[in-house]
Every structure is written in C-alpha cells, then in structure tokens.
1. ³J(HN,Hα) across the range 46-52 via Karplus (A = 6.51, B = -1.76, C = 1.60, θ = phi - 60°), whole Hz, x for Gly/Pro?
2. If I model a spin label as a point 7 Å beyond the Cα along the Cα-Cβ vector, how far apart are those points for Ser17 and Val106 in nm?
3. Before rounding to the nearest 500, sum -39500 (n - 2.57) across all DSSP H runs of length at least 4 in the chain and divide by the residue total; then give [θ] at 222 nm in deg cm²/dmol.
4. For the chain, what are the DSSP H helices with axial Cα length of 20 Å or more and mean Kyte-Doolittle hydropathy of at least 0.5?
5. Hey, can you grab everything whose amide H is under 5 Å from the amide H of Glu110? Only 5+ residues off in sequence or another chain; H modelled, so Pro and N-termini drop out.
6. Given that just one value was derived from the coordinates, which of (i) 176; (ii) 106; (iii) 142 is volume of the Cα convex hull per residue in Å³?
7. For the chain, set up a GNM with springs between Cα atoms under 10 Å and report which of Val33, Val90, Val11 has the largest fluctuation.
8. Given a Förster radius of 35 Å and the C-beta distance between Lys54 and Ile32 as r, what FRET efficiency does 1/(1 + (r/R0)^6) yield to the nearest 0.05?
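Every read-out reported here was derived from the displayed coordinates using simple, explicitly stated rules and does not represent laboratory data. Since we're looking at a predicted model, the values are computed, not measured. Cβ: placed from backbone, ideal geometry, glycine included. Neighbour counts: every protein chain shown.
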Amino acid sequence: MAECSAATILVKLSTRSGELNAFAVLAIATSIVAVSAIAYAISSGAFIEFFPAKLVGTPAIYAYATGITLTIAVGSLFKGLSLGPASVVVPVYGMFILGAALLGIVILKEPFTGSKAGGLALAVIGIFLVAR
C-alpha cells in the first residue's frame, strides 16, 4: 500500500512547520476522503436501493462504530506523527495488523494456523526492530 506510505510522509510534511496541527491536517484529509467515498458509492450504485431504514439496523450500527474507531485510530496516528519520528510512529501504529488478525480469529472465528502464528510472531519482531 504505497498510498498509505505516501500519506504518512505527507502528514509529517504538513505538520513539520507548525503552521498546521495534526487535527487540521486530519480535517482536510478526511474531508477529501468523505467526498471521494460518497462519489464512489453513488457512481458504483451503492445507493440505488437505499432506504432510510437501513440507517438503523445492525449493519448500520457496525458502520457507525467503524467511523468512531477509525476517527480514533487515524487521529492518534496523525497526532503521533506530529510528535515523533515517522520511523517509530508508523511501526507502532502498524500493530493494528496484529490486532485485526487476532480479533478475526477470536471474534469472527477465523482459523488459527501455524503459519498465521508464525506470521504474527514475525510481524511483532519486525515492528519491534523497526521501531527501535
């Protein structure tokens, strides 16, 4: 995901001068993401059979929870990038990969195999080494 790598560096460049703080950059960036996501959803037909009742069901609640957790996660990343070196902040933030994999195993009952265990262990070691 070269885009995520580029975004990280762009956040760092945006906040480095002190003219914009992390949350100003976050507000600008998420506005662009929101407009783009809405445009993509409309153009792909996601709202063709859209009914307001769909905004209150269980899938919608999960979508709202997704928005809240993404706000916290990305806000934390942007704040971290404004305070510390990207070479340390990004690997620590990258622990979300481990968390998501473990939550998939525990909550979604996805299979836990030896290769997954090895991959997760290597990811922890890699993150530790890069963040040092």
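1. 5, 10, 4, 10, 8, 10, x
2. Here the answer is 4.4 nm between the modelled labels.
3. On the way: 6 runs with 100 residues, N = 132.
Calculated at 222 nm, the ellipticity per residue is -25500 deg cm²/dmol.
4. On the way: long enough: 2-16 (21 Å, 0.62); 22-43 (31 Å, 2.15); 58-83 (37 Å, 1.12); 114-131 (26 Å, 1.81).
Those that clear 20 Å and a mean of 0.5 are 2-16, 22-43, 58-83, 114-131.
5. Ile105
6. Recomputing volume of the Cα convex hull per residue in Å³ here gives the entry labelled (iii).
7. Val33
8. Details: r = 25 Å, r/R0 = 0.73.
In this case the efficiency is close to 0.85.
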